[in-house]
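Please read the structure below before turning to the comments.
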Amino acid sequence: MQRRHDLDWLRVIAFGLLVIYHVGMYYVSWGWHVKSPHAGEGPEPFMLLTSPWRMSLLFLISGVATAYLLRKLPSGFLRQRSRQLLLPLLFGMLIIVPPQAYLQVVEQLPGGYGESYGAFYAKYLSAYRGFCGDDGDCLLLPTWNHLWFLPYLWSYTLLAWALWRWLPTTALERLRHWVSLGLRGWRALLVPVALLALARLLLVERFEQTHALIDDWYSHAEYATVFFIGFLVAFDARFWESLQRLRWVALGLAATSYALMIHAWYFAGYTDAQPLPDTLRTCLRIAWALDQWCAIAALLGFAYRWRHADSAILRYLTVAVFPLYILHQTVIVVLAHSLKPASIAPPAEALLLIVSTFALCLGAYELIRRSPLLSPWFGLKRAPRPEIAAEAPTVLHRDG
């Protein structure tokens, strides 16, 4: 039951990469809330370095954390996790996310949009469906945008709690044992790759990723798979040791599959007029799954030796990273839109966006963690009232 500091570090790193990724979304040709006038395909190969595995890694770590929390706080687990995930989701949808949708309408609505933010917010709350593009797609309001991770994680957490609550203890332990046997040695690489490849081959073409929860079956197939792998092998040292032994192999497989995808998508000359052959498309879907799991396996394997390496910086960032996640995309969207008139060169502008986003979000965290009113809405324990905090040393001294 000792805390896994290696997973804490990976969680912090993954959320940090998410900030960089969302800054990158401003500069690529893929659709996003606001777009740079210099947007194009150039940065996209770098974006694909983390696209296959970044969110899957977070779901796997969340599965492990769920297993630990169920053992530590079985009686109040569901109430605590619901408070930590659903309160920030509600607050985010009402307060944090609307500026993203507003600036998306300002920048992308055909014919422009000149009403105030207050007028837009009233439409946002009324589930207005009139913000439509030339292609007929309309903006669905209200929205959770980047906070989609929270309802997905809560749903998988609810399923894990149901397994723990309603399966006999011996049945759950047998299930953990069977999964652990199936994920030892080379099977720690091969079995998850096979599951993720099967999901991609069968579902990715039929179910576009929507992040809308109810119709996002390919996303559920990949994210629920890695979540429950983490949940079921959390306490199996042999699984983690297998990944440590295979870390270089996993890294090589991830790098090879990434190189194959980049070559086929960006350098092989395929276009809409000359699309990918079906056989190559199938191979690329398998390569995506290979990269997805092997990158995760390599990261887990290299980090495993640091599982007991605690530090003050890690303890600080472990708590700070969740408020940073809630705030970061709105900060990026607002900053990017505001910096457009300055016409800063894209490399300098991107660096400024990254540094400013981290600085503003960590500054906001310092305010949030000290506020009894704000801290629960960002998934934190309620901060003590100043008068209580001031009295605490006296009470402790008097007691002894």
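Considering only segment 352-370, how many residues are in contact with a helix residue (DSSP H, G or I) (Cβ under 9 Å, 6 or more places away or on another chain) and either free of Cβ contacts under 8 Å to residues at least 60 places away in the same chain or buried (at least 20 other Cβ atoms within 10 Å of the Cβ) (or both)?
At the first step, the residues of segment 352-370 found to be in contact with a helix residue (DSSP H, G or I) (Cβ under 9 Å, 6 or more places away or on another chain) are 352-354, 356-358, 360-362, 364-366, 368-370.
Imposing the further condition that a residue be either free of Cβ contacts under 8 Å to residues at least 60 places away in the same chain or buried (at least 20 other Cβ atoms within 10 Å of the Cβ) (or both) reduces the set to 352-353, 356-357, 360-362, 364-366, 368-370.
The qualifying residues number 13.
Please go through segment 96-118 and give me each residue that is surrounded by fewer than 12 Cβ atoms within 10 Å (Cβ to Cβ) and assigned to a helix (DSSP H, G or I), ordered by number.
Passing the criteria: only Gly118.
Those residues that are assigned to a loop (DSSP other than H, G, I, E, B) and in contact with a strand residue (DSSP E or B) (Cβ under 6 Å, 6 or more places away or on another chain), I need them from segment 40-58; list them, please. Can you show your working first?
The initial filter retains those residues of segment 40-58 that are assigned to a loop (DSSP other than H, G, I, E, B), namely 41-43, 48-53.
Result: Pro43, single match.
When both residues are 6+ apart or on different chains and their Cβ atoms are under 8 Å apart, which pairs have a first residue that lies in segment 282-295 and is without any contact (Cβ under 8 Å) to a residue 60 or more places away in the chain, and a second that is not in a helix (DSSP H, G or I)?
Once the first residue is without any contact (Cβ under 8 Å) to a residue 60 or more places away in the chain and sits in segment 282-295, its partners that are not in a helix (DSSP H, G or I) give Leu284/Leu276.
Take Tyr266 and decide whether it is modelled with pLDDT of 95 or more and loosely packed, with under 15 Cβ neighbours inside 10 Å.
no
If you go through segment 125-144 one residue at a time, do you hit one that is modelled with pLDDT of 95 or more, assigned to a helix (DSSP H, G or I) and open to solvent by less than 40 Å² (accessible area, probe 1.4 Å)?
No, there is no match, as no residue in segment 125-144 is modelled with pLDDT of 95 or more, assigned to a helix (DSSP H, G or I) and open to solvent by less than 40 Å² (accessible area, probe 1.4 Å).
Can you tell me which residue in segment 19-31 is most open to solvent (accessible area, probe 1.4 Å), limited to those that are under 19 Å from the mean Cα position of the chain (by Cα) and modelled with pLDDT of 95 or more?
Ranking the qualifying residues of segment 19-31, first place goes to Ile20.
Check segment 173-180 and report whether any residue there is buried (at least 18 other Cβ atoms within 10 Å of the Cβ), basic (Lys, Arg), touching a residue at least 40 places away in the same chain (Cβ under 8 Å) and in a helix (DSSP H, G or I).
The answer is no; no qualifying residue exists.
Suppose we filter Ala221, Ala237 for residues that are at pLDDT 95 or above and open to solvent by less than 70 Å² (accessible area, probe 1.4 Å); which single one remains?
Ala221
When you scan segment 259-269, do you find a residue that is under 23 Å from Ala199 (Cβ atoms) and either outside any helix (DSSP H, G or I) or under 23 Å from the mean Cα position of the chain (by Cα) (or both), even just one?
yes
Return the residues of segment 188-219 that are out of contact with any Leu (no Cβ under 8 Å at 6 or more places or on another chain), without any contact (Cβ under 8 Å) to a residue 12 or more places away in the chain and closer than 26 Å to Asp8 by Cα; say none if nothing qualifies.
Within segment 188-219, Leu190 is the sole residue that qualifies.
Please list, ordered by first then second residue, the pairs with beta carbon atoms under 9 Å, 6 or more apart or interchain, first in segment 41-59 and more than 16 Å from Ala287 (Cα to Cα), second charged (D, E, K, R).
Met55/Glu222; Leu57/Arg11; Leu58/Arg11; Phe59/Glu222
The values are calculated or read from the model by the stated rules, or taken from the named source; none is laboratory data. These numbers come from a predicted model, not from an experiment. Every residue, glycine as well, gets a Cβ built from its backbone with ideal geometry; the counts of neighbours run over all protein chains shown. Note: accessible area is taken over every heavy atom of the protein model, side chains too, but ligands, DNA and RNA are not part of it. Shrake-Rupley method; radii C 1.70, N 1.55, O 1.52, S 1.80 Å.
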